[in-house]
Amino acid sequence: MTVTTVNKVSITGIVSVLPETCCENVDDSSTSASEEMARIVASTGIRSRRIASAEQTALVLGNIACVSLMQELGWSSEDVGLIVFVTQTPDYPLPGNAIQLQHKLGLTKQTIAFDVNLGCSGFVYGLWQVSQLLKGLSKGKALLVVGDTTSHQYSKENRAVSTLFGDAVSAIGIEKDPNGEEMVFSLGSDGAGAPYLIQPQGGALAPGAAPELFMDGMQVFVFTLREVPSSVMACLDAKGWQSQNVDYCVLHQANEMMLKRLGSKLGLTQEQLIISMGEVGNTSSASIPLALGLCLNDQLTKNSTKLVLSGFGVGWSWGTVALTLPPLKVCKVIDLKCV
């Protein structure tokens, strides 16, 4: 695990997009199936999920988010010097989503654009990477886009994942800021966890097979409780904060029971611990910015806020950031069901 810092960079806006289709975690086919689903809902806290249509890829949702974000921030196509798209569900193996989004948004040819293949830790890793790179660029604005259409990666019969994962994409505006406060990051990885959360089909070893996501939920649970508390505490220590100094802690929204266990280990109150996956599911790298928009939009647009944000999952990979977020110019969720 590495602890590192970034300063003179600030998040200025967040826009997330949810697809319109809502899939309820209910099963009326039989009494036993209904009881099984009730147990899943009780343990995960996920009552329904948002599911993208076949035409609604991460790139499509990301484009909607970026167009809205740039309008809200008053950015022109000339302002953006960097766009990073963190996704495990790109439209194509190549070219990447970021380079296509650069063209769709009409950004200049001087824009740096590339993808990052990461899942549930992807928002924190992306924030760290974009913040580091932005400091060395002549242009002072960057777009970080995070999210997946994970529902395209499994069959409905795959109950181990189909009841958990939903689709969403978030766009985050990041700017150089001479007054930007220090962000403290704690980042780690352990490739020994690769077999326990994996998409084995569709890559070089099985190119023609239909995708079917595999997850060993118990192994994920054990990994999370083992690594995440120390990552969060390392950030707090380096920042000089205690858990009671934090306004809110937003953990990757994977499982309500897991988050409550983590919150207890970290000494967080119920008010500090944000839980938002109930109606949207586990939305991979978009889950943290989506939670900010769903639960804290008023707070984040009106006040300076001390936050701890932590993502963890596939890899194993985990990342935490402790930061004071200045009042955002925009923090919203575009719900395509309501458009």
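Looking at segment 263-275, which of the residues that are at negative phi and in contact with a Ser or Thr (Cβ under 7 Å, 6 or more places away or on another chain) is most open to solvent (accessible area, probe 1.4 Å)?
In this case the residue turns out to be 268.
What's the total number of residues in segment 210-222 that are open to solvent by less than 60 Å² (accessible area, probe 1.4 Å) and either of a type in the set (Gly, Ala, Ser) or in contact with a His (Cβ under 6 Å, 6 or more places away or on another chain) (or both)?
1
I'd like the residue in segment 276-307 that is part of a loop (DSSP other than H, G, I, E, B) and over 14 Å from the mean Cα position of the chain (by Cα) and, out of all such residues, is surrounded by the most Cβ atoms within 10 Å (Cβ to Cβ).
Taking the candidates together, the pick is 296.
Tell me, please, whether a residue that is open to solvent by 40 Å² or more (accessible area, probe 1.4 Å) and under 17 Å from the mean Cα position of the chain (by Cα) can be found in segment 12-34.
No.
Checking the condition closer than 26 Å to residue 204 by Cα and in contact with a Phe, Trp or Tyr (Cβ under 6 Å, 6 or more places away or on another chain), which residue from 118, 101 passes?
Criteria check complete, one pass: 118.
Looking at (1) surrounded by 18 or more Cβ atoms within 10 Å (Cβ to Cβ); (2) touching an Asp or Glu at 6+ places or on another chain (Cβ under 9 Å); (3) closer than 28 Å to residue 183 by Cα, find the lone condition where residue 82 falls short.
Unmet for residue 82, out of (1) surrounded by 18 or more Cβ atoms within 10 Å (Cβ to Cβ); (2) touching an Asp or Glu at 6+ places or on another chain (Cβ under 9 Å); (3) closer than 28 Å to residue 183 by Cα: (2).
Restricting to segment 166-182, name every residue that is open to solvent by 50 Å² or more (accessible area, probe 1.4 Å) and in contact with a helix residue (DSSP H, G or I) (Cβ under 7 Å, 6 or more places away or on another chain).
Across segment 166-182, the qualifying residue is only 176.
So residue 207 fits all but one of (1) surrounded by fewer than 22 Cβ atoms within 10 Å (Cβ to Cβ); (2) of a type outside the set (Val, Ile, Thr); (3) at pLDDT 95 or above; what number is the exception?
In the conditions (1) surrounded by fewer than 22 Cβ atoms within 10 Å (Cβ to Cβ); (2) of a type outside the set (Val, Ile, Thr); (3) at pLDDT 95 or above, residue 207 misses (3) alone.
Find the residue count for segment 183-197, including only residues that are more than 15 Å from residue 117 (Cα to Cα) and touching a helix residue (DSSP H, G or I) at 6+ places or on another chain (Cβ under 7 Å).
Looking only at that region, the number is 8.
Which condition from (1) open to solvent by less than 10 Å² (accessible area, probe 1.4 Å); (2) closer than 30 Å to residue 44 by Cβ; (3) among the aliphatic types (A, V, I, L, M) is the one that residue 143 breaks?
Unmet for residue 143, out of (1) open to solvent by less than 10 Å² (accessible area, probe 1.4 Å); (2) closer than 30 Å to residue 44 by Cβ; (3) among the aliphatic types (A, V, I, L, M): (2).
Could you list all residues from segment 221-260 that are part of a helix (DSSP H, G or I), touching a strand residue (DSSP E or B) at 6+ places or on another chain (Cβ under 6 Å), hydrophobic (A, V, I, L, M, F, W, C) and under 18 Å from residue 315 (Cα atoms)?
228
Looking only at segment 89-135, which residues are charged (D, E, K, R) and free of Cβ contacts under 8 Å to residues at least 12 places away in the same chain?
If the condition is that a residue be charged (D, E, K, R) and free of Cβ contacts under 8 Å to residues at least 12 places away in the same chain, then 109 is the only one that fits.
Can we say residue 263 is within 21 Å of residue 47 (Cβ to Cβ) and in contact (Cβ under 8 Å) with a residue 60 or more places away in the chain?
When the stated conditions are applied, residue 263 does not pass them.
Mind checking which residues of segment 59-73 are touching a residue at least 40 places away in the same chain (Cβ under 8 Å) and either of a type in the set (Lys, Arg) or open to solvent by 60 Å² or more (accessible area, probe 1.4 Å) (or both)?
Selection gives 72 alone.
So residue 231 ticks every box in (1) at negative phi; (2) surrounded by fewer than 16 Cβ atoms within 10 Å (Cβ to Cβ) but one. Which box is left unticked?
So the condition that residue 231 fails would be (2).
It is to be established whether one or more residues within segment 102-122 are at pLDDT below 95 and either within 25 Å of residue 161 (Cβ to Cβ) or touching a Lys or Arg at 6+ places or on another chain (Cβ under 8 Å) (or both).
Within segment 102-122 (the criterion being at pLDDT below 95 and either within 25 Å of residue 161 (Cβ to Cβ) or touching a Lys or Arg at 6+ places or on another chain (Cβ under 8 Å) (or both)), the answer is no, since none of the residues qualifies.
The values are calculated or read from the model by the stated rules, or taken from the named source; none is laboratory data. Here the structure is a predicted model, which means the values were calculated and not measured. Positions of Cβ are generated from backbone atoms using ideal geometry, with glycine treated the same way; all protein chains shown enter the neighbour counts. Please note that ligands, DNA and RNA were not included when accessible areas were found on the heavy atoms of the full protein model with its side chains. Shrake-Rupley method; radii C 1.70, N 1.55, O 1.52, S 1.80 Å.
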